[in-house]
Amino acid sequence: MTSEPRVVIITGGSRGLGAGLVQSYLDSGDRVATCSRSGTPQVETWQDDPDTSDRFLFVPADLSKSADAETFVKAVVDRWGQVDVLVNNAGVARDGVLGLTSDDDIDTVIDLNLKGTLYMSRLVSRRMLVRKRGSIVNISSIVGRSGYRGLAVYSATKAAQEGLTRALARELGSSGITVNAIAPGYLRTEMSHGLDEAQLQQIVRRTPAGRLGDPEDVARACQFLTDPRNNYMTGQVLVIDGGLTG
């Protein structure tokens, strides 16, 4: 925990991995803002808890729309005056082989996973440049590195996020802003959606760590990357997959 609470934006923090990231930063004493298209019981819990209500902000937003991203960031700055950390976590997948994928599904995945990340990074980096400090973390996936049958569009967007990470690190590094990415493996969240028990056990057997990942595993890496003392590591992708792709 730093001497002064940071202002942390985590996109897509209403459930799953995003909720785990929000909880981690709230536990660290930070001020945390998140968004999703609609609220969840977890969001209501943070809003109602006296220990977190004054340090938590939720804004309904569809980050595939530039105007929604701008409204979200403005709400954060209006409340807390700055942004110290941005974690681009919001994402969506559509299962199916590419030859049978509709235009709508392609647009949905690209618009949120890639364009949403670009919109948020553009808006927040402008403010970080003025203050000459900040941290951006893009939540990628091992699927963007190794590919996976039925997830061609999703894989493409996650690979693009890693390219963005490297390019943006070069653009912002001289201004004291770090940009890194985390590529999680199979987690006990939406990453395992659609897999039956036999498939999950097969993944566990192939994973040297002997288990699926938990949101806390990713949150610890994210905390490391956004620690103000981590001002030299930038343009990197941390793979958090229990050794699966090692």
Q. What are the residues whose amide H is under 5 Å from the amide H of Ala183, where those residues sit 5 or more places off or on another chain and H is modelled from the backbone?
A. Ser140, Leu238, Val239, Ile240
(Q) At a 10 angstrom cut-off on C-beta neighbours, averaged per residue, how do the peptides 174-181, 54-61 rank from highest to lowest? (A) 174-181, 54-61
Q: List every residue whose amide H lies under 5 Å from the amide H of Ile136, counting only residues 5 or more places away in sequence or on a different chain, with H placed 1.01 Å from N in the peptide plane.
A: Leu86, Thr178, Val179, Asn180
Q: Report the one residue of Val153, Gly91, Ala181 whose Cα lies farthest in the direction of the positive end of the charge dipole of the chain (charges on C-beta: Lys and Arg +1, Asp and Glu -1; origin at the Cα centre).
A: Ala181
Q. Using the Karplus equation 6.51 cos²θ - 1.76 cosθ + 1.60 (θ = phi - 60°), what ³J(HN,Hα) coupling, rounded to whole Hz, does each residue of region 176-181 give in order, writing x for Gly and Pro?
A. x, 10, 9, 9, 9, 9
Q: Give the carbon-plus-sulfur fraction of the accessible surface of the chain in %, rounded to a whole number; probe 1.4 Å, heavy atoms of protein chains only.
A: 49 percent
Q.
Please compute the per residue accessible area over the chain with all protein chains in place, 1.4 Å probe, rounded to a whole number of Å².
A. 48 Å²
Q: Give me the distance in nm between label points sitting 7 Å out from Cα along the Cα-to-Cβ direction at Thr101 and Gln202, one decimal.
A: 2.1 nm
(Q) Tell me the angle of helix 215-226 to the major Cα principal axis of the chain, expressed in degrees between 0 and 90 and rounded to the nearest ten. (A) 50 degrees
**Q.** Cross-link reach list, lysines versus Lys65, counting only Cα pairs under 16 Å and skipping chain neighbours closer than eight places
**A.** Lys74, Lys115
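Take each of the peptides 151-157, 128-134, average the number of other beta-carbon atoms within 10 Å over its residues, and list them starting from the highest.
151-157, 128-134
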Q | Per-residue ³J(HN,Hα) for region 19-36, Karplus 6.51 cos²θ - 1.76 cosθ + 1.60, θ = phi - 60°, Hz, x for Gly and Pro | A | 5, x, 5, 4, 4, 4, 6, 5, 5, 7, x, 7, 8, 10, 10, 9, 8, 6
Q: Hey, can you grab everything whose amide H is under 5 Å from the amide H of Arg37? Only 5+ residues off in sequence or another chain; H modelled, so Pro and N-termini drop out.
A: Ala61
Q. Whole-Hz Karplus ³J(HN,Hα) for region 239-246, in order, using 6.51 cos²θ - 1.76 cosθ + 1.60 and θ = phi - 60°, x for Gly and Pro?
A. 8, 10, 9, x, x, 4, 9, x
**Q.** Most to least packed among 106-116, 220-230 [average Cβ atoms within 10 Å]
**A.** 106-116, 220-230
(Q) Between region 127-206 and region 28-90, what is the separation of their alpha carbon centroids in Å? (A) 20 Å
Q.
Compute for region 7-240: radius of gyration divided by Kirkwood radius, i.e. Rg/Rh, restricted to C-alpha atoms, rounded to two decimals.
A. 0.95
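The values are calculated or read from the model by the stated rules, or taken from the named source; none is laboratory data. Everything numeric here is computed off the predicted structure, so don't read it as measured data. Neighbour counts are summed over all protein chains in view; Cβ atoms, including those assigned to glycine, are modelled from backbone coordinates with ideal geometry. All accessible areas refer to the heavy atoms of the entire protein, side chains included, with ligands and DNA or RNA removed. Shrake-Rupley method; radii C 1.70, N 1.55, O 1.52, S 1.80 Å.
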